[in-house]
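Student: Got a structure here, written out as structure tokens. Questions coming.
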Amino acid sequence: MKIAVLAWGSLVWCPGRLRIKSAWHCDGPRLEIEFARISKDGRLTLVLHPGSAQQQTYWAMSELEDRAPAIENLADRESCEAARIGFEQKGPAATGPIADWLKPNPDVDAVVWTDLPSNWKRKRGKDFSCEDALRYVRELGRQKRDRAEQYVRNAPRQIQTNLRDLLRKELRWSDKELAKALFI
């Protein structure tokens, strides 16, 4: 089975132990994504977040051709449980934006992705909002704020979420590629 891995965040610039055999392609499915998860080190990370603006994702071919090893490999890279890895295979029962992207793609039979939820309510006691995320970043100590900024700046340029736009305006956190272009 030809399995692709979807990505929209750190997998693109830091695949680590992820076993992929192709470069990242920038024409993955459009999914609702936002910096709506607070990581253990305080960074804001990109996750699927219903109601957020749709973003064009990335995909690469996995070296692995069976469902379980592909899921285990991505779970290992993401340091999460295998239950937090999504899987979709071509077939009549497949529906939704990932299935719609998968169906006409002759080079891919199935896809895996990181399916971690937002943890905003658990961490902040309220539903995610860009305004509260901005407050959160402003409350961070210097070291955590620097790590948060680094993650946002390193996120792929085509992932332009509402929060990223707000951080760019309010805190002058420009995209890494854009910042390089401005100073060269």
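The values are calculated or read from the model by the stated rules, or taken from the named source; none is laboratory data. Just so it is clear, the model here is predicted, and its values are computed rather than measured. A quick note on method: Cβ atoms are made from the backbone with ideal geometry, for glycine too, and the neighbour counts reach across all protein chains shown.
Student: Would you pick out the residues in region 110-134 that are of a type in the set (Asp, Glu) and surrounded by fewer than 16 Cβ atoms within 10 Å (Cβ to Cβ)?
Tutor: Answer for region 110-134, where residues must be of a type in the set (Asp, Glu) and surrounded by fewer than 16 Cβ atoms within 10 Å (Cβ to Cβ): Asp127, Glu131, Asp132.
Student: Would you mind stating whether Ser118 is at pLDDT 90 or above, among the polar types (S, T, N, Q) and under 18 Å from Ala53 (Cα atoms)?
Tutor: yes
Student: Looking only at strands (runs of 3 or more DSSP E) that fall completely inside region 43-125, which ones have 1 or more residues that are within 24 Å of Met1 (Cα to Cα) and out of contact with any Lys or Arg (no Cβ under 6 Å at 6 or more places or on another chain)?
Tutor: 58-61, 85-89, 110-114
Student: Could you tell me how many of the residues in region 25-42 are part of a loop (DSSP other than H, G, I, E, B) and either among the aliphatic types (A, V, I, L, M) or at positive phi (or both)?
Tutor: 1
Student: For the list (1) buried (at least 21 other Cβ atoms within 10 Å of the Cβ); (2) over 15 Å from Val112 (Cα atoms); (3) among the small types (Gly, Ala, Ser), I need the number of the one condition that Ser10 fails.
Tutor: Failing condition for Ser10: (1).
Student: So, one more: Take the residues in region 149-164 that are of a type in the set (D, E, K, R) and at pLDDT below 95; name whichever of them is surrounded by the fewest Cβ atoms within 10 Å (Cβ to Cβ).
Tutor: This residue is Arg157.
Student: Related question: Is it fair to say Arg168 is free of Cβ contacts under 8 Å to residues at least 24 places away in the same chain, surrounded by fewer than 16 Cβ atoms within 10 Å (Cβ to Cβ) and either hydroxyl-bearing (Ser, Thr, Tyr) or out of contact with any Cys (no Cβ under 9 Å at 6 or more places or on another chain) (or both)?
Tutor: It is false that Arg168 is free of Cβ contacts under 8 Å to residues at least 24 places away in the same chain, surrounded by fewer than 16 Cβ atoms within 10 Å (Cβ to Cβ) and either hydroxyl-bearing (Ser, Thr, Tyr) or out of contact with any Cys (no Cβ under 9 Å at 6 or more places or on another chain) (or both).
Student: Moving on. Would you call Phe87 farther than 22 Å from Asp165 by Cβ, surrounded by 15 or more Cβ atoms within 10 Å (Cβ to Cβ), modelled with pLDDT of 95 or more and among the aromatic types (Phe, Trp, Tyr)?
Tutor: When the stated conditions are applied, Phe87 passes them.
Student: Could you tell me whether region 176-184 includes any residue that is surrounded by 15 or more Cβ atoms within 10 Å (Cβ to Cβ) and at pLDDT below 95?
Tutor: Within region 176-184, one or more residues are surrounded by 15 or more Cβ atoms within 10 Å (Cβ to Cβ) and at pLDDT below 95.
Student: Also: Name the one entry in Glu32, Glu78, Glu65 that is closer than 13 Å to Val111 by Cα, in contact with a strand residue (DSSP E or B) (Cβ under 9 Å, 6 or more places away or on another chain), of a type in the set (D, E, K, R) and modelled with pLDDT of 95 or more.
Tutor: When all the criteria are applied, what remains is Glu65.
Student: Within region 13-62, track down each residue that is touching a helix residue (DSSP H, G or I) at 6+ places or on another chain (Cβ under 8 Å), surrounded by fewer than 21 Cβ atoms within 10 Å (Cβ to Cβ) and farther than 25 Å from Asn119 by Cβ.
Tutor: Selection gives Arg19, Trp24.
Student: Could you tell me whether Val137 is touching a Ser or Thr at 6+ places or on another chain (Cβ under 8 Å), at pLDDT 95 or above and either surrounded by 19 or more Cβ atoms within 10 Å (Cβ to Cβ) or part of a helix (DSSP H, G or I) (or both)?
Tutor: no
Student: Would you call Pro97 of a type outside the set (A, V, I, L, M), within 23 Å of Asp27 (Cα to Cα) and at pLDDT 95 or above? Break it down into steps so the answer makes sense when it comes.
Tutor: On the way: of a type outside the set (A, V, I, L, M): yes; within 23 Å of Asp27 (Cα to Cα): yes; at pLDDT 95 or above: yes.
So Pro97 passes the test.
Student: Against the condition modelled with pLDDT of 95 or more, farther than 27 Å from Asp132 by Cα and assigned to a loop (DSSP other than H, G, I, E, B), how does Ser22 come out, does it pass?
Tutor: yes
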